[in-house]
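Chemist: Shown below is the structure under consideration.
The values are calculated or read from the model by the stated rules, or taken from the named source; none is laboratory data. This one's a predicted model, so the numbers in the text were calculated from it and none came from an experiment. Cβ placement follows ideal geometry from the backbone for every residue including glycine, while neighbour counts extend to all protein chains displayed. These accessible areas exclude ligands, DNA and RNA; they are computed on the full protein's heavy atoms, side chains included. Shrake-Rupley method; radii C 1.70, N 1.55, O 1.52, S 1.80 Å.
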Amino acid sequence: MSTYFQNIPAATYEGPDSTNPLAFRHYNPDMMLGDKTMAEHLRFAVCYWHNFVWEGNDPFGGQTFERPWFPADTMDLARAKADAAFEMFRILNVPYFCFHDHDVRPEGDTLAESHKRLNEMADYFEAKMAAGGPKLLWGTANMFSNRRYMSGASTNPDPDVFAYCASTVKSCMDVTHRLNGENYVLWGGREGYETLLNTDLSRELEQMGRFLSMVVEYKHKIGFKGAILIEPKPQEPTKHQYDFDVATVYGFLKRFGLEDEVQMNIEQGHAILAGHSFEHELAMARTLGIFGSIDMNRNDYQSGWDTDQFPNSPSEAALAYYEVLMAGGFKTGGTNFDAKLRRQSLDAEDLIAAHIGGMDICARGLISAHKMIESDALEAPRRARYAGWNNAAAQAMLAPDATLDGIAADAEARNLTPQPVSGAQEKLENIVNRFV
Ligand code: XUL
Ligand code: CO
């Protein structure tokens, strides 16, 4: 039993007028929105790494947090960390959690020892999950922290690192499968380059494509029913990451014939780093049929870093969940808080309050998005804007037998003079604000 969060009561819904910093004001798990409860729509997950592994260091300074399980370099401390983690999951009443291998077990001296330790921790989790703990939204392998990965994971110039990665991912997929994880995530933090001067792009992309294909093959071999998710990010820690954004990853999947096998885990902060908005990335994934899950956080819009802050903008959350709902909602995916405290927020209570605030913002966004869709307030004008395409003559221009010169001849014969129509952007923005 952990005593780290002692005296912090389980968080409950108290309604919008509550002033209790440790109660939900908007997240009411059982409230119905359409045919699902709020909990079923949002499918919240707490991540292991930012909450229980990160010590508060930044590029200029070291540890600020003091947690009883630090440095978690023994199995006893790893179990103490797990006790605290599951205690926090219980207080927040989240249905899911996520972890990397590296988050939950100290690395062994050999690959075999590392896998053995991971399996021991999976046993420990299994018992806690069976005793009413959360389910596993996704598992993943940390193939970016250790110096062996400094020149890449599957894209490494050294074939031994490629093989090491195969063993690592296999063991993490096995554990994810055993714990009934609903997805398996690959974030290629080191799958990119620092300088083109020492990089063979052709080889690295080929290695990455082959590796991902083998991951998909292994998923089918072991009968893992969850989704394989790629998490795009344009840079940081590398100067350039190959999984730059959703559109880039889609091109990569097409090249290797994996577009029906792999979906996207889209993170707000990564979208901003790529020069997009979160809703752009979500809309692109929906359009391409590869939407999977989200990592919820926000970036500081000035720093240019991946600051992984807890979300706090109701309007941004509303536009994000609008896209999630338009994509048909989460299937295997969910809302994972890939978010961390600021390094001065030292207390156990800060961890709880941060998640409660984030969950409330997501709940507000979901409610607004649901109302916007029910009212048809945005979709009706969008449909009207394209209504000209509904007639047969317009559709014929897109048919496989249509030709450029045929359409040109028709346009000239009809002496066309198209008249511009207002895009009415401000009116649409005002509509959104009615619901937020
Ligand atoms: C890094 C990031 C990762 C992935 C999992 O920016 O988002 O934590 O979510 O490896
Ligand atoms: Co993430």
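Chemist: In whole Å, what is the distance between the alpha-carbon centres of segment 309-355 and segment 1-46?
Modeler: Each part reduced to its Cα centre gives a spacing of 13 Å.
Chemist: Give me the Å³ per residue figure for the convex hull around the C-alpha atoms of segment 23-165.
Modeler: In segment 23-165, the Cα convex hull volume per residue is 164 Å³.
Chemist: Starting from segment 338-436, pick out the chymotrypsin sites (Phe, Trp or Tyr not before Pro) whose DSSP state is loop and whose Cβ has at most 13 other Cβ atoms within 10 Å. Provide the component values of the computation, followed by the final result.
Modeler: Numbers: sites: TYR386, TRP389, PHE435; in loops: TYR386.
Counting only loop positions with at most 13 other Cβ atoms within 10 Å, the chymotrypsin sites (Phe, Trp or Tyr not before Pro) in segment 338-436 are TYR386.
Chemist: OK, next. What residues have an amide H closer than 5 Å to that of MET296, excluding those fewer than 5 places away on the same chain, when H is modeled at 1.01 Å from N in the peptide plane?
Modeler: Residues meeting the criterion, in which the H sits 1.01 Å from N, are ASN336, PHE337, ASP338.
Chemist: Same structure again: Taking N as the number of residues in the chain, what is its alpha-carbon radius of gyration divided by 2.2 N^0.38 Å? Let's see the in-between values first.
Modeler: Numbers: Rg = 23.6 Å, N = 436, 2.2 N^0.38 = 22.2 Å.
Against the empirical 2.2 N^0.38 Å value, I get 1.06 for the chain.
Chemist: Amide H to amide H, which residues 5 or more places from LEU186 or on other chains are under 5 Å from it, using H placed in the peptide plane?
Modeler: LEU229, ILE230, GLU231
Chemist: Per the Kirkwood formula on distinct C-alpha pairs, the Rh of segment 393-435 is how many angstrom?
Modeler: 13.5
Chemist: Counting only protein heavy atoms and a 1.4 Å probe, tell me what percentage of the chain's accessible area is made up of carbon and sulfur. List each step's numbers first, then the result.
Modeler: Details: 10900 of 20700 Å².
With neighbouring chains kept in place, the figure for the chain is 53 percent.
Chemist: Right, something else. Which net charge results when you count Lys and Arg as +1 and Asp and Glu as -1 among the other residues whose beta-carbon is under 10 Å from that of GLY108?
Modeler: 0
Chemist: If you average the C-alpha positions of segment 156-200 and of segment 242-297 separately, how far apart do those two centres end up, in angstrom?
Modeler: Here the answer is 18 Å between Cα centres.
Chemist: Work out how far the C-alpha atoms of segment 52-126 reach from end to end along every principal axis, then list the three figures in whole Å, largest first.
Modeler: Principal extents (largest minus smallest coordinate, Cα): 35, 34, 19 Å.
Chemist: Would you please state the base-10 log of I(q)/I(0) at q = 0.10, 0.12, 0.15 1/Å for segment 251-378, with intensities from the Debye formula using one equal scatterer on every alpha carbon?
Modeler: These q points yield log10 I(q)/I(0) values of -0.34, -0.48, -0.73.
Chemist: Pick from THR335, THR403, THR168 the residue whose mean-square fluctuation is largest in a GNM of the chain, springs joining Cα atoms under 10 Å.
Modeler: In the Gaussian network model the winner is THR403.
Chemist: Rounded to the nearest whole Å², what accessible area per residue is found for the chain with the 1.4 Å probe? It would help to have the intermediate numbers written out before the result.
Modeler: Working: 20700 Å² over 436 residues.
Ligands and nucleic acids excluded, the result is 47 Å² per residue.
Chemist: Could you run the Karplus curve 6.51 cos²θ - 1.76 cosθ + 1.60 with θ = phi - 60° over segment 195-205 and give me ³J(HN,Hα) per residue in whole Hz, x for Gly and Pro?
Modeler: Karplus values, whole Hz, x for Gly and Pro: 8, 5, 4, 10, 10, 9, 4, 4, 5, 5, 5.
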